[in-house]
Amino acid sequence: MKALRSGYIRHIIVRIGFKTKEVMCIIVNNGENLPKEKELVEEIKKEFETNQKLKQYELKTIVKNINSKDTNVILGNKNITLYGDGYIYDKLGDYTFKISPMSFYQTNPVQTEVLYNKAIEFAKLQGNETVLDLYCGIGTIGIFASSKAKKVYGIEIVEDAIKDAKENARLNNIENIEFLCGDVENTLETVLEKSGKPDVILVDPPRRGLDNTTVSNILNVEPKRLVYISCNPATMVRDLKALEEKYSLKKIQPVDMFCFTSHVECVSLLKLKENM
C-alpha cells in the first residue's frame, strides 16, 4: 500500500541533557501549518508540570521542524521555535555544550565521555601539536582536545552546528580553537592554509565513512597520527584499508555506545609509517 503522506506530524524527537536534565521537544511537521499548535504546546508544558515522573526534568524548549520532502531524512532545514530559546545545554566532562535541533549530539552521554577520552588518549597530545577535527559537529571532540594541544581547527558542514561550536568555545573560555563551516572534502585545503601541516587529525564521519577525496587529502597531508572514530565498523574497515598506503593500524578500541543492540562505536589509532 502506497503511503498517502497527507498527515501533519511525521516525528517527535526528545533530546535530554543527561547532566542538566534540560529537555528539547522537536515536532517534525509536514509543512508549516500545524492545527491546534498552541494547544499542543500548552499540553506538553502541562505534562511536564504535573506528571510526577517528569518532575526531575525541565522542559526548556519546543521546536517545530519543517520537513515536507518525500525522504527518509528525519529533519528538514527549517526550525520554528514554539516555546523557549530553541536550544538546551548539557555537560560532558568539564565542559558545557549548547545543543540546537540540527546539531549532532551523541545519544549516550555516559559512554560519550569514555569515547572522547579514549580518542584523546590515542592522540597522545603533548601540548605543542596542531590538531584538525574533521566532522566536528558542535565541537565536542575538538574542545576535549584543546586543553592538550597548541591549536585545534574544526570543520563541519552543518551551519547550526558550527554556530553552536563557536558558542561552546566561548562558553568554555577556549581560545586556541577555530571552527569553519563547509564540506570536509572542499574546506580542508582552506584550513591547511591556516594551520600548516597538522600533527594529528581526528575524524568522526557519518555512517557512510570518509569520501575518497578526504582519504586522499589525509594521505597527502601525512599527519603523524590519525584517530578515526566510527559508528559503522564496515565503512571504517574500508577506509582503514585505503589509509594503509601510508599508515599502520596500531589499535582499535570498541566502545559500547548503543547498549542492548548489535551496534558499536570504535576508536582506531593509525600512525604514519616510518621512512616514507
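Quick notes on this structure:
- The Cα trace of segment 14-169 gives Rg and Dmax of 17.7, 57 Å, the first to one decimal, the second as a whole number.
- The ellipsoid equivalent to the alpha-carbon distribution of segment 219-276 has semi-axes of 25, 10, 8 angstrom, derived from the gyration tensor eigenvalues as √(5λ) and listed largest first.
- Per residue, the average separation of C-alpha pairs within less than 8 Å and at least 6 apart gives segment 180-233 a relative contact order of 44 percent.
- Within-10-Å neighbourhood charge of residue 64 [Cβ basis; K, R +1; D, E -1]: -1
- Charged side chains reduced to their Cβ positions (Lys and Arg at +1, Asp and Glu at -1) give the chain a dipole of some 460 debye around its Cα centre.
- Placing +1 on the Cβ of every Lys and Arg and -1 on the Cβ of every Asp and Glu, with nothing else charged, gives segment 1-149 a dipole about its Cα centre of roughly 320 debye.
- A dipole drawn for the chain from +1 and -1 charges on Cβ atoms has a positive end, and of 220, 142, 6 the residue lying farthest that way is 6.
- Bridge orientation summary for the chain: considering DSSP beta bridges with both residues in this region, about 55 percent are antiparallel.
- Charge context of residue 108, other residues only, Cβ under 11 angstrom, K/R +1, D/E -1: -3
- Pairwise Cα distances in the chain exceed 31 Å for 32 percent of all pairs.
- Three-way shape call for segment 127-226 based on the alpha-carbon gyration tensor, with the a/c threshold at 1.5: oblate
- Segment 246-276 versus segment 145-215: alpha-carbon centroid distance in Å: 20 Å
- With 5 Å bins beginning at zero, the pair-distance distribution over Cα atoms of segment 27-112 amounts to 3, 12, 18, 20, 20, 16, 8, 3, 0 %.
- Global form of segment 11-51, assessed from the alpha-carbon gyration tensor, a/c cut-off 1.5: oblate
- Within the shell defined by Cβ-Cβ distances under 11 Å, the residues around residue 162 carry a net charge of -4, with Lys and Arg each +1 and Asp and Glu each -1.
- Nearby aspartates and glutamates by direct alpha-carbon distance to residue 78 (threshold 18 angstrom, same-chain neighbours under 8 apart not counted): 32, 37, 70, 159, 160, 164
- Global form of segment 155-276, assessed from the alpha-carbon gyration tensor, a/c cut-off 1.5: oblate
Each reported figure results from applying straightforward, stated rules to the coordinates on display, with no laboratory input. All of these numbers come straight from a predicted model, not from anything done at the bench. Every residue, glycine as well, gets a Cβ built from its backbone with ideal geometry; the counts of neighbours run over all protein chains shown.
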